[in-house]
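Visitor: Can you read through this structure? Questions will come right after.
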Amino acid sequence: MIVRKNVSLSSLTTLRVGGPARFLAECVTTDDVREALTFARERELPWNVLGEGSNVLALDEGFEGVVLAIRIPGITVQERDAGVLLSAGAGVSWDALVKDAALRGLWGLENLAGIPGTAGAAPVQNIGAYGTEVKDTLYEVHAIDADTGEVKVVRNESCGFGYRESRFKKERNLIIAGVSFLLRKDGEPQLEYKDLAAAVAEGAEHGTPEAIGNMVRTIRARKFPDLKLVGTAGSFFKNPTISPDSYGALQERYADIPGYPNEQGVKIPLAFVLDRALGLRGYAEGNVSLFAQQPLVLVAEEGATAGEVDAFADRIAARVQDEIGINIEREVQMFPIRNIS
Ligand code: NAP
């Protein structure tokens, strides 16, 4: 295990803000993770886990503790009666796993192409896109229990999945070391979402998981900023679900507001509210702005601080509350999430 000292969190997160972490432990095996936990305990320091840092806002004061950077590699496959089990180390890049599945002709992950982050982070917020979520194909998670050092096998039904939710968000002592997906050789394309249906109508290839993955990446590249070029963590807020009555009231003001009924009410695209109702597309204050092509995405220019990003996001949420009456939640999490010792 390699341990580095005083590593800037801005270099470890895609928003590119945040102060120094006192230690960074690069963990490429489960034993490394255990060693890093011991390292933290021996120094009575808190620890926190980071993957590719694509969904976190790191504090300007940094982290006076040990960051466990989970870099566990490797992809394996196993034939099963019900399909093919594709397993990955938690440090594998999510999109690399999606591409690997597609190259093997396996269906199930293709609509999730192009989402940043690691495979190990994917179940934590149950990433989803274009009608598919991790929970639809996830078989099991291998997680190291930080309290005992033992590996726990958590089957899909025990993951507590919800919309961008799982038990791993709350039980921070479970450090994901590996994930497995049960995928099919004979899947069906899922192309109901407007953007996908429009691409198909324009002639995009969609007969294989690989073709659909490429189509999704092309669509995402048009809407989402390139993480290599700007500081961003993708969608900063979750799309809210509101009551059918509130949705009806909004329809009276904005006749064409989309709405997708679910078990809790009606899910609405926050981008519509920010853009059409509040006129905030491309809105900027100082070094922080809402991305013009997709106002759900917050962009931090070079020189931005975490405090600026945090205050800007609070002001946007307050405007949505004050002017539209909807309480919105962040998808991006603060780092450190909670000091664990
Ligand atoms: P979009 O396709 O414009 O959709 C906006 C919102 O409308 C989303 O909440 C989406 O629900 C919902 N929606 C659209 N069509 C729907 C349908 N046919 N049935 C049910 N709900 C529908 O969103 P976007 O901002 O361009 O993002 C594209 C996709 O990537 C979306 O699915 C989005 O959720 C996903 N995404 C995921 C993450 C993540 O997992 N962290 C980050 C960024 C974007 P859903 O959210 O349930 O899809």
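Visitor: Of the heavy-atom accessible surface of region 77-139 (probe 1.4 angstrom), what whole percent is carbon and sulfur?
Guide: Carbon with sulfur: 50 percent of the solvent-accessible area.
Visitor: Let me spell out the model: positive unit charges on the Cβ of Lys and Arg, negative unit charges on the Cβ of Asp and Glu, origin at the Cα centre of the chain. What dipole size does that give, in debye rounded to 20?
Guide: 260 debye
Visitor: Considering the chain as a Gaussian network with a 10 Å cut-off on Cα pairs, which listed residue, G187, G51, G117, attains the greatest mean-square fluctuation?
Guide: Most flexible of the set in this elastic network: G187.
Visitor: For region 207-284, what's the radius of gyration and Dmax over Cα atoms, in angstrom?
Guide: Spelled out, the Cα radius of gyration and Dmax of region 207-284 are 15.8, 42 Å.
Visitor: How do R217, R155 stack up against each other in accessible area, from largest to smallest, with a 1.4 angstrom probe?
Guide: Most to least solvent-accessible, the answer reads R155, R217.
Visitor: Could you look at region 12-65 and say what percent of its accessible area is carbon and sulfur, using a 1.4 Å probe and all protein chains?
Guide: Solvent-exposed carbon and sulfur of region 12-65 make up 47 percent of the total.
Visitor: Taking only protein heavy atoms into account and a 1.4 Å probe, give the accessible area per residue of the chain in Å².
Guide: On the way: 15430 Å² over 341 residues.
Computed with neighbouring chains in place, this is 45 Å² per residue.
Visitor: Could you give the alpha-carbon Rg of region 102-190 over 2.2 N^0.38 Å, rounded to two decimals?
Guide: 1.10
Visitor: If you take the C-alpha gyration tensor of region 215-341, multiply each eigenvalue by 5 and take the square root, what semi-axes do you get, largest first, in whole Å?
Guide: Those come to 26, 18, 15 Å.
Visitor: Restricting things to Cα coordinates, could you compute the convex hull volume per residue of the chain in Å³?
Guide: On the way: hull volume 45.8 nm³, N = 341.
About 134 Å³ per residue, rounded to a whole number.
Visitor: Using only helices, what value at 222 nm comes out for the chain when you add -39,500 (n - 2.57) per DSSP H run of length 4 or more and divide by the total residues, to the nearest 500 deg cm²/dmol?
Guide: Value at 222 nm, helices only, nearest 500: -6500 deg cm²/dmol.
Visitor: Quick one: if the Förster radius is 41 Å, what FRET efficiency do Y193 and I337 give, using the C-beta to C-beta distance and rounding to 0.05?
Guide: Between Y193 and I337 the formula returns 0.85.
Visitor: Which of these, V17, V288, V77, has the largest mean-square fluctuation under a Gaussian network model of the chain (Cα springs below 10 Å)?
Guide: Looking only at V17, V288, V77, the biggest GNM fluctuation is shown by V77.
Visitor: About the Cα centre of region 127-218, what is the dipole size in debye to 20, counting +1 per Lys and Arg Cβ and -1 per Asp and Glu Cβ, all else neutral?
Guide: 300 debye
Visitor: For the chain, what relative contact order do you get, as a whole percent, if you take Cα pairs closer than 8 Å and at least 6 residues apart? Don't skip to the end; give the middle numbers.
Guide: Working: 725 pairs, mean separation 59.4, N = 341.
Relative CO of the chain lands at 17 percent.
Visitor: Which entries of K152/K238; K169/K238; K135/K194 have Cα-Cα distances beyond 25 Å here?
Guide: Too far apart for the 25 Å limit: K152/K238.
Visitor: Want the number for L229 to A201: 0.36 nm per residue separation, take away the alpha-carbon distance, what's left?
Guide: Extending this stretch completely gives an extra 7.0 nm.
Visitor: While we're here: For region 1-84, state the average projected area of the convex hull of the C-alpha atoms over all orientations, rounded to one decimal in nm².
Guide: With the hull built on Cα positions only, its mean projection is 6.8 nm².
Visitor: Here is a follow-up. Could you work out which residue, out of N287, N214, N111, moves most in a Gaussian network model of the chain, that is, has the largest mean-square fluctuation with Cα springs under 10 Å?
Guide: N287
Visitor: If you don't mind, there's one more thing I want to ask. Among S235, N327, T148, which residue has its Cα furthest toward the positive end of the charge dipole of the chain, with +1 on Lys/Arg Cβ and -1 on Asp/Glu Cβ?
Guide: Toward the positive end, the furthest listed residue is T148.
Visitor: Work out which helices of the chain, taken as complete DSSP H runs, extend at least 15 Å along their axis over the Cα atoms and score a mean Kyte-Doolittle of -0.5 or more, then list them. List each step's numbers first, then the result.
Guide: Values: long enough: 30-42 (18 Å, -0.77); 209-223 (21 Å, -0.56); 306-319 (20 Å, 0.04).
Flagged H segments are 306-319.
Visitor: For region 168-242, just run the numbers: alpha carbon Rg, then divide by 2.2 N^0.38 Å, N being how many residues it has. If you can, show how the numbers build up before the last one.
Guide: Details: Rg = 16.6 Å, N = 75, 2.2 N^0.38 = 11.3 Å.
Normalised Cα radius of gyration, region 168-242: 1.47.
Visitor: Continuing with the same structure: What residues from region 14-45 fall in the zone where the backbone N is under 12 Å from a label point 7 Å along the Cα-to-C-beta line of K5?
Guide: It comes to 22-24, nothing else.
Visitor: Oh, and also: Once you keep just the Cα pairs under 8 angstrom separated by 6 or more residues, what percentage relative contact order results for region 1-76?
Guide: Computed value for region 1-76: 39 percent relative contact order.
Visitor: Here is a follow-up. Regarding region 271-325, what are the three Cα extents along the principal axes, ordered largest first, in Å?
Guide: So the three principal-axis extents are 31, 22, 13 Å.
Visitor: Right, here's the next one. Along each principal axis of its Cα atoms, how long is region 1-147 end to end? Whole angstroms, biggest number first, please.
Guide: Reported extents, whole Å, longest axis first: 48, 30, 22.
Visitor: Then there is this: Set the Förster distance to 25 Å, then compute FRET efficiency between E61 and A311 from the Cβ-Cβ distance, nearest 0.05.
Guide: Given R0 = 25 Å and the Cβ-Cβ separation, E is 0.95.
Visitor: Per the 1.4 Å probe, what fraction of the accessible area of region 213-341, in percent, lies on carbon and sulfur atoms?
Guide: 47 percent
Visitor: Shifting gears a bit: Got a number for the accessible area of T76? Probe 1.4 Å, square angstrom, nearest 10.
Guide: Accessible surface of T76 is approximately 90 Å².
Visitor: Then there is this: Determine the order of Y193, Y130 by accessible area, beginning with the largest, at a probe radius of 1.4 Å.
Guide: Most to least solvent-accessible, the answer reads Y193, Y130.
The values are calculated or read from the model by the stated rules, or taken from the named source; none is laboratory data. Just so it is clear, the model here is predicted, and its values are computed rather than measured. Here Cβ is always computed from backbone atoms with ideal geometry, including for glycine, and neighbour counts include all displayed protein chains. With ligands, DNA and RNA removed, areas are computed over all heavy atoms of the protein, side chains included. Shrake-Rupley method; radii C 1.70, N 1.55, O 1.52, S 1.80 Å.
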